Amino acid sequence: MQAIQMQAFGLDALVLTELPVPKLGAGQVLVNITAFSLNYLDLMVIRGDYNPHLALPHIPGSDAAGVVTAVGKGVSTCKPGDRVTTTFVQQWLSGAVTAEFLASRLGCERPGVFAQYVVLPTYGLVPTPPHLSDQEAATLPIAGLTAWVGLMEHAGLQPGQTVLVQGTGGMSVFALQFAKASGCRVIATSGSDQKLETMKALGADALINYRATPLWEEEVLRLTEGRGADLTLDVAGEHTVNQSMRAVKLGGFVGLVGFLSGLRLEFDLFTAIVGNKTLKGYSVGSRESFAAMNQALTTNGIRPVIDRVFPASQVREAFEYLESGKHLGKVVLTF
Ligand SMILES: NC(=O)c1ccc[n+]([C@@H]2O[C@H](COP(=O)([O-])OP(=O)(O)OC[C@H]3O[C@@H](n4cnc5c(N)ncnc54)[C@H](OP(=O)(O)O)[C@@H]3O)[C@@H](O)[C@H]2O)c1
């Protein structure tokens, strides 16, 4: 089978190679992966920034979808021909996260899914929503679920609220789609006017270019009659967390999702304390949350936004494209 393999750290050492199809055991499922999507996390793993001690060679990747081709002894919940999507934190089935669960992340602690065939336990897969293609489903495990869990579970999103979505990467575009499907008002930011127009077409009610308006939190306050957004999911970290905290209302919620601009900052305690605001770091979600998200996608006919699809042979070009930040939504590859 074909697989993407890291033979050393760095994009230059990423190769498409031939490997044996993995062996199937009891309780396991052999999945023919047809599509996989890229996350910023993959770049960190590939560069060695995530774990410089990672044993190599390593198959990266956490997000994929495909078709069950064989099932092991004792498997009764799926059969050959079923369409499935991988879960990222394999052992996290429901409830609160634990260190043990987090040690089961595909492509990080465990071999990843950027391969034509993978063997996973039945509980490490969810059925693919019938209205989605494999390419669309492959965008869900990290970006989709992180937006869903942040809005629905951590922030307790309610219809009529105002949600601030930041940038137009995979996670933020899902946040826009979920917030609109929930009857909310969405303020979207981006460094590109062209991307803002696409966000408007996807349902954004108000737009802010954070390059043209560096104090974008003041514009959020203006757009909300001085009150602030109810919640936001912060993707850039160092350069944006204080602004996110000022952009949300008294008692508002800021989900700490990413750190695209860096990891260290001088935190404005006053805004947090006097503003009675919640800053919540979190990572992705459980299989149970994934199933709930898929139900919502199906009920509302929501389709993930794919910016560009590459063949697996162009994996390096695909990562360079992701790194360039030119995309809106998700970058997907196919075997
Ligand atoms: N905690 C978790 O479980 C979790 C899950 C998913 C993602 N993440 C993290 O969240 C971040 C975003 O993930 P993603 O998959 O959506 O990434 P992505 O698709 O690579 O998104 C990149 C986009 O972020 C926007 N951006 C960059 N700098 C920004 C800034 N200073 N202010 C506002 N927007 C900015 C840009 O949008 P414009 O071009 O429109 O400006 C850029 O295109 C990454 O750090 C990722 O590691 C964490």
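The values are calculated or read from the model by the stated rules, or taken from the named source; none is laboratory data. This structure is a prediction, so every number in the text was calculated from the model and none was measured. Don't worry about glycine lacking a Cβ; one is built from the backbone with ideal geometry, like all the others, and counts go over all protein chains shown. Just the protein is used for accessible areas: all its heavy atoms, side chains included, with ligands, DNA and RNA removed. Shrake-Rupley method; radii C 1.70, N 1.55, O 1.52, S 1.80 Å.
Taking all protein chains as present, what is the carbon and sulfur share of the accessible area of the chain, in % to the nearest whole number, probe 1.4 Å? Before the final figure, lay out each step's value.
Working: 7500 of 14020 Å².
Of all accessible area on the chain, carbon and sulfur atoms account for 54 percent.
Here the gap between Gln7 and Tyr50, fully extended at 0.36 nm per residue and compared with their Cα-Cα distance, gives a gain of 13.9 nm. Here each label is just a point 7 Å from Cα along the line to Cβ, and for His131 and Ala103 those points are 4.1 nm apart.
Across all Cα pairs in the chain, the calculated P(r) in 10 Å bins from zero up to the longest distance comes to 6, 26, 34, 23, 9, 2, 0 percent per bin. Between Val67 and Ser261, the distance separating the two model label sites (each 7 Å from Cα on the Cα→Cβ line) works out to 4.6 nm. Working from label points 7 Å from Cα in the Cα-to-Cβ sense, the Ala201 to Lys326 distance is 1.7 nm.
Pop out the Kirkwood hydrodynamic radius of the range 198-335 from its pairwise C-alpha distances, inverse of mean 1/r, in Å to one decimal.
Working: mean 1/r = 0.0573 Å⁻¹.
Result for the range 198-335, one decimal place: 17.5 Å.
Residues Ser324, Ser244, Ser261, ordered by accessible area of protein heavy atoms at a 1.4 angstrom probe radius and largest first, appear as Ser324, Ser261, Ser244.
Looking at the range 266-335, the GluC sites (Glu not before Pro) that sit in a DSSP loop and have at most 12 other Cβ atoms within 10 Å of their own Cβ are Glu266. Given in Å, the Rg to one decimal and the Dmax to the nearest whole number for the Cα atoms of the range 56-145 are 12.9, 38.
Hey, what's the range 3-142 come to in accessible area per residue, 1.4 Å probe, Å²? Kindly include the intermediate steps, with their values, before the conclusion.
Numbers: 5620 Å² over 140 residues.
Accessible surface, normalised per residue, equals 40 Å².
If the Kirkwood radius is taken over C-alpha pairs of the range 123-255, then at 37 °C and 0.692 mPa s the Stokes-Einstein diffusion coefficient equals 219 µm²/s. Over all distinct Cα-Cα pairs of the range 92-131, the Kirkwood formula returns a hydrodynamic radius of 11.9 Å.
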